[in-house]
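The values are calculated or read from the model by the stated rules, or taken from the named source; none is laboratory data. All values reported here derive from a predicted model rather than from experimental measurement. For neighbour counting, all protein chains shown are included, and Cβ atoms are generated from backbone atoms with ideal geometry for every residue, glycine included. Protein only, heavy atoms only, side chains kept; ligands, DNA and RNA dropped before computing areas. Shrake-Rupley method; radii C 1.70, N 1.55, O 1.52, S 1.80 Å.
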Amino acid sequence: MSEERDAKWFASQLSDRTIRGIALETSALIRAGALPVGTKLPPIRDLAFVLGVSPATLSEAWSELRRQKIISGRGRNGTWVSGDRFVAKPARLASVGDYGSDALNLTAAVPDVRLLPKLEAAMAYGASAENLNSYERSRILPELEREVRKTWPYEPEAFLATNGGYNAVYTLINALVMPGAAVAIEDPTGMRLLDILEDRGARIIPVKCDEEGPLPASLEEALKYRPVAFIFQPRIHSVTGQSVSPARMASLTEILRDKDTLIVEDDGIADISAAPRHSMGHLFPDRVIHILSYSKTHGPDLRLAVLSSSRAIIDQIQSYRSFSSGWTSRILQAAAAWLLRDPATASCLDHARRTYRERRAGLIDALRERSVDAWHGEGLCAWVPVSSEPFAMVTLAARGIAVHPGAKFSILPSSHLRVATANLSERCDEVADAIALAAVHT
């Protein structure tokens, strides 16, 4: 038997009438059992009137609880308590299936472990890192900062070492973006970036892209929503494999020139790409956050990325980090500095770069021969157009091939497949045949 609480009782339990306050205090009532699972909540207009807030304020608060799966709507039948606890889960990443040992799994755009540099000597060196085992919350090891400055695309005020590229994005989003704030981001984009933004409760504003990068008109439209930040991948797009052209970069720069939007430049593929590194940091040093991850190039178990920005922004990000680890392992930072100086590592990266390019180009060439108009580019995966994502996924699954649907990487309607190519050293023609068959649905 479901319960119902009237607006007057509900309002008497809420002391903070802000969006965040209403959401937090309502969730606390649910967890405490005052609003058991199955309770019907008062109509938004009734409760908003008693609370003395606008219906939009209450709607935003309850949208956060819906996102957490704590409450749910039943159309005209109202809104109900559907859960008493929230377990954070990256929805897109968590929905990746177990395809079994017999399937050719092309879902994970991860490096070929055989092409990564050896870490033994680097880790041995890292064990003697400066200030080892100190609880000082240092932002970056001076030795690592000296190395990254040699190739950084601009001269920033401050650097920060983080536990990988996605950790950098997660940390800065939680430090700088309030729940409910608008964030503009390329579409398509990394599914984990979308997971991070959705977990934060950000309002995601998509910026459409073509072969040269984010479309200027789409960015201008997105900026009308006054986003706190614009996130894009200027060097190499992790999903499509495209680089932002110099001309497009100049256009985007002009659009952003008189705005106060934070500019987050995410370089997650790093030196797997031969494309030059470029940044708006030399023009907007007070609001550019430039991130470089070493996971794909030097090894995911290094758990290392470096970001740069103004001292004020780094201070904010570091302040948020102080709630958790507070600093990135000095052993791993010193090991990365050693690798950045090591000639053998540089040769290893050159070989990996050529190999990844050949594997990706091999699939794209084979697809184009079969009249599938996929784009050439770089990186660890290919973005392949199809007529119908569901049909294509089923068709490939029937042939023992697993890929990701484009919908995981977009909040707009999608008709693509994301196909990992980094480990596709064999069976290229077989995969191309299957995709060509799957791409056309009549």
Qualifying position, being open to solvent by 60 Å² or more (accessible area, probe 1.4 Å) and on the phi < 0 side of the Ramachandran plot, among 437, 412 | 437
Which condition does residue 308 not pass, out of (1) in a helix (DSSP H, G or I); (2) crowded, with 22+ Cβ neighbours inside 10 Å, if it passes all the others?
-> (1)
Quick one: count up the residues across the range 320-352 that are surrounded by fewer than 14 Cβ atoms within 10 Å (Cβ to Cβ) and either touching a strand residue (DSSP E or B) at 6+ places or on another chain (Cβ under 6 Å) or over 19 Å from residue 115 (Cα atoms) (or both).
-> 5
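Just to be sure, is residue 374 outside any helix (DSSP H, G or I) and free of Cβ contacts under 8 Å to residues at least 24 places away in the same chain?
Taking the combined requirement at face value, the residue satisfies it.
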Tell me, please, whether a residue that is modelled with pLDDT of 95 or more, under 20 Å from the mean Cα position of the chain (by Cα) and not in a loop (DSSP other than H, G, I, E, B) can be found in the range 253-262.
-> yes
From 214, 188, 156, which residue is in contact with an Asp or Glu (Cβ under 6 Å, 6 or more places away or on another chain) and either within 20 Å of residue 285 (Cβ to Cβ) or crowded, with 19+ Cβ neighbours inside 10 Å (or both)?
-> 214
Just give me the residues in the range 380-408 being open to solvent by less than 10 Å² (accessible area, probe 1.4 Å) and within 20 Å of residue 212 (Cα to Cα), in sequence order.
-> 380, 381, 382, 384, 406
What tally of residues in the range 353-371 results from selecting those that are open to solvent by 10 Å² or more (accessible area, probe 1.4 Å) and of a type outside the set (Gly, Ala, Ser)?
-> 10
Just need a number here: residues in the range 257-283 that are touching a Leu at 6+ places or on another chain (Cβ under 8 Å) and either under 23 Å from residue 385 (Cα atoms) or open to solvent by less than 20 Å² (accessible area, probe 1.4 Å) (or both).
-> 9
Of all residues in the range 222-243, count the ones that are among the aliphatic types (A, V, I, L, M) and either part of a helix (DSSP H, G or I) or open to solvent by 10 Å² or more (accessible area, probe 1.4 Å) (or both).
-> 3
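Search the range 115-131 for residues being open to solvent by 60 Å² or more (accessible area, probe 1.4 Å) and touching a helix residue (DSSP H, G or I) at 6+ places or on another chain (Cβ under 9 Å), and hand back the single one that is farthest from residue 324 (Cα to Cα).
Checked the range 115-131; the qualifying residue farthest from residue 324 (Cα to Cα) is 118.
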Subset of the range 285-303 [in a loop (DSSP other than H, G, I, E, B) and open to solvent by 10 Å² or more (accessible area, probe 1.4 Å)] | 285, 286, 287, 294, 303
Would a scan of the range 410-432 turn up a residue that is among the basic types (Lys, Arg), outside any strand (DSSP E or B), modelled with pLDDT of 95 or more and within 17 Å of residue 110 (Cα to Cα)?
-> no
Taking the range 37-66 as the search range and keeping residues that are over 14 Å from residue 10 (Cβ atoms) and assigned to a loop (DSSP other than H, G, I, E, B), which one is farthest from the chain's Cα centre (by Cα)?
-> 38
Somewhere in the range 434-441, is a residue at pLDDT below 95, touching an Asp or Glu at 6+ places or on another chain (Cβ under 7 Å) and over 17 Å from residue 109 (Cα atoms)?
-> no
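Report whether or not residue 139 is without any contact (Cβ under 8 Å) to a residue 12 or more places away in the chain, of a type outside the set (S, T, N, Q), closer than 21 Å to residue 307 by Cβ and open to solvent by 10 Å² or more (accessible area, probe 1.4 Å).
no
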Within the range 1-47, track down each residue that is open to solvent by less than 60 Å² (accessible area, probe 1.4 Å) and of a type in the set (Ser, Thr, Tyr).
-> 26, 27, 39
Among the numbered criteria (1) touching a residue at least 12 places away in the same chain (Cβ under 8 Å); (2) more than 14 Å from residue 112 (Cβ to Cβ), which single criterion is violated by residue 379?
-> (2)
